[in-house]
Every structure is written in C-alpha cells, then in structure tokens.
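The values are calculated or read from the model by the stated rules, or taken from the named source; none is laboratory data. Keep in mind the model is a prediction, meaning the values are calculated, not measured. Neighbour counts are summed over all protein chains in view; Cβ atoms, including those assigned to glycine, are modelled from backbone coordinates with ideal geometry.
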C-alpha cells in the first residue's frame, strides 16, 4: 500500500534511539534538528499519491493486488526501464537532487539483489527465501530504506579483524536457532533518522579472518539496541528558510550506527559469515548497477539545477552576453547534457539479466568516474561567476525587519534583472548550495559516495570491452610486417636511384 506524508511521519514516531548534541531525541519528526527535513521527505510520499502522478510514480506488480512505487519495479524491457527512470527523475526534481539517499536509492539496491536471487540460492536457499520475502515486504509496505555498508575508518592499514577492538566494526557476536547477534559500528547512515529500516552489509573487500563482519541483513531503525549517533545538524544551524533555503529543508543527515548486541532474526539475514558472498550480492547480481544507476539519474537532475543557478548568476549580473561567460555556461551545459546522455546510454545499451532488463554496466561506471571529477568543477565554475556576490549579503532575514536597514539593502543590492529582495533571496540559495557547510558536504558526498576514485576507475577498468579495443590494435598491426615493409622500402629506394 502506498504511503502518504502523514503515514510516513507517523511511521517515524517509533521510539528509535537517536542521539545528537549529547541528548536522546524523543521524536525526530518534531525535533529542531530534523523536523523540516523530515517534512521534505514526507512530501515525496504525498507526491506519489496525487491522482495526477499515480501512473508516473507507480506500477502494478504481477504478484500483488495493490500498486507499488516504481522504485521497486523490475523492468522486463527497455521501455519499462525508461518508465522507471521517469519516476525517479520526477522525485529527484522535488529536492533538485539534494537528497542523495532518498527512498529510491536503497530500494534500487534491494531490487537489484532480488533480480539476482539465484546467486543467493546457490549460496543458501534459506537466505534466498529471506531476500525474496523482504523485497516483497519492503515494496508492499512502501518502506523508506537506508543502508550502512562502510566500516569505520580507524586504522585503514589494517583489516576489520586486525583493529584493536574486534567489535569496532559491526560483526557477529553469536548465532543461534533464532538468528544473529550483532555488535559494533557501521557508517554512513545517511537519512537514517528519517528512514524506516536499514540494510546492513559490507561493500568493502574483506580479508581472510574477517568472516564475522561478512554479514548482510535488514532491520527496523527502531530495533532494540540500535543506536544512531547523528552528525551536526545543518538544519538546526539554519536560522531561517530564507537565509538557508536548502540546508533548512533538505539536510538528510548522516549518522554512525552502533549495534549494541542487536538481535537479527534469520528471516532478515541474507549473508552470515561468507566473505565471497558479501561481494557477490553486489557484483554478481544487478544490485550495484541498479543502485548507482538511480544515483546518476538523481545527479543528472542536480547538475541541470546547478546549471540553472549558474545561468541566473550571469543574468543577475548582466554578464550573460560576455563571451567568456558564455564559454563557461556552454561548458556547464555540455557537462550536464553529457551526464543526462550517459543515463540514456545506460538504458539504450542495457542487457537482459535473466528475465530483467538492466542498464549497461560499463556506461554506468564511466559516468561515475567522470562525475566524481565533474561535480567540484561545477562548484568552482559557479564560484567564478558569482565572485563576491554570494558573500556580501545581509546578515540574515532580520535585517529586512528594520526599515532603515531595508532601505540600505534595497539601495545597495542592485541588479538590472531583479529587485534587491529577489537578488538577496537568490544569492542566499546559491551560497547554501556551494559555500555553506551543507554545500561543502554535498561536494564531498558527490566525490566519494561511490567510493574513492581508484575504486570507480577500477570498476571501469574491469567492465570495459578491452578485448574489442585491443582487437582493433591487433588488426591494425596485422596489416603490415617487417619483411613486407623492408621489401617495400628497398623497392622504393631502387626506384629513387633509377630515377636519378
């Protein structure tokens, strides 16, 4: 059953154990650190329930009597994949791509795992059954899922089992006929405070001896013993929506999750103690491609929005006709179009994985490599266009409340394309996106959410058609030989001498 905003809000009032600034949060939906961002997340659910959006945002699963969000759709062909992408893009447009861990991201991961459930069946039929049941449960209950798939950094020269504390990283303490007991920490729980459940596993390569950390399971955020340690809230620091329009409403937050001897029933366990299967669940199934395809759809929306920010700066400053400004805007337009084009290419070059149609793997990895480099360039280009315009702004909305100050603002914040209030409003937005703590976090996020650059470039290296590439080189080399070239050289030399 599809949720609306009110239903999702109520689902978060479940006694979850969230901590921020030394205190436990009684209700994340009303706490000043989270309430407006939670409201923004809830608005996604009202959008999907609007009668005019039902066809765009939902589909009819073959094994259910109720419609479900397209984030759970398992396309059987190219056209269905495009339909699914349209719904993801529509949701992303509501937050301009600034909810990096919106509900459709981890839903895409679980859906991709379900597409490759035969891999789980080869590993453990019980685990495969648990995964199948969980996919349907999450889909039919319209769950907002997040995940924690990275270990705490600690001493990065050592594996998880070699750390000073063997339970720094979340791992298996015990197992019995009821399930697993998990102790330790995982990161980065982005959007954990506003999600219903969390998928817990490890995407980083594990070493022999790390078996206890090779787990994969999903549990409710409110599970007893699960503690959520939030980072600093950008929303709480935002004095008004006018001064901080995005950080006040779209701070999806990040958190460290600590499992204090948390019990996980077997019906929620997908991998238990198998290092190889931890990697296979992502890379031997469509999961990794499917989840990161969603991220590229979202990023295409985000870059289009940032290109609009850049264009508006040039318009406000009346420099839109300057050749060097048009050159910058032309580059941003080309880059934004390239990412959008790569998303379409992933679909057009997609292949069948069993009965399902999935985006092309290498095109996805190529997009990840390029966009990791691209996002900070976007930020730098916007900074160059704005100059001091984003810095020399009124201290806060309170300045407009004083008639004398307001008169000075209206005199000094001039633009040929907007009045003072419109100019200040826009530049407050631009600064929030790229210059504030919220904006800086997004630059860091887009550069590293898919892994360090050597990781994404490694994916690109492994998935590229090197056989076809080197075959072209071989064909070129096969068209001539030393002997033939030498004979030709001698013949030409004799001809030259004869001509003389």
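Couple of notes before you dig in:
- Residues of the range 275-286 that turn out to be buried (at least 24 other Cβ atoms within 10 Å of the Cβ) and in a helix (DSSP H, G or I), as a count: 2
- Criterion (assigned by TED's automatic domain parsing to the domain that holds residue 139 and either within 23 Å of residue 239 (Cα to Cα) or in a loop (DSSP other than H, G, I, E, B) (or both)) met by exactly one of 48, 13: 13
- Residues of the range 51-73 that are assigned to a helix (DSSP H, G or I) and in contact (Cβ under 8 Å) with a residue 40 or more places away in the chain: 71, 72.
- When 92, 161, 102, 157 are checked against the criterion of being touching a helix residue (DSSP H, G or I) at 6+ places or on another chain (Cβ under 8 Å) and surrounded by fewer than 18 Cβ atoms within 10 Å (Cβ to Cβ), a single residue qualifies: 161.
- The range 403-431, subset in a loop (DSSP other than H, G, I, E, B) and in contact with a helix residue (DSSP H, G or I) (Cβ under 6 Å, 6 or more places away or on another chain), residue surrounded by the fewest Cβ atoms within 10 Å (Cβ to Cβ): 417
- Within the range 146-168, if we keep just the residues that are within 27 Å of the chain's Cα centre (by Cα) and not in a loop (DSSP other than H, G, I, E, B), the residue that is farthest from residue 256 (Cα to Cα) turns out to be 160.
- If the condition is being under 14 Å from residue 430 (Cβ atoms) and either modelled with pLDDT of 90 or more or surrounded by 10 or more Cβ atoms within 10 Å (Cβ to Cβ) (or both), then the range 386-402 contributes 386, 387, 389, 390, 391, 392, 393.
- Any hit, the range 123-145, residues being assigned to a strand (DSSP E or B) and at positive phi: no
- Residues that are buried (at least 22 other Cβ atoms within 10 Å of the Cβ) and under 20 Å from residue 204 (Cα atoms) within the range 120-144 comprise just one, 120.
- Considering residues of the range 106-119 that are crowded, with 23+ Cβ neighbours inside 10 Å and out of contact with any strand residue (DSSP E or B) (no Cβ under 8 Å at 6 or more places or on another chain) only, the residue farthest from residue 436 (Cα to Cα): 114
- When 357, 400, 378 are screened for being assigned to a strand (DSSP E or B) and either within 25 Å of residue 108 (Cβ to Cβ) or assigned by TED's automatic domain parsing to the domain that holds residue 336 (or both), only 357 passes.
- Unmet requirement for residue 119, which otherwise passes all of (1) under 24 Å from residue 222 (Cβ atoms); (2) in contact with a helix residue (DSSP H, G or I) (Cβ under 6 Å, 6 or more places away or on another chain); (3) assigned to a helix (DSSP H, G or I): (1)
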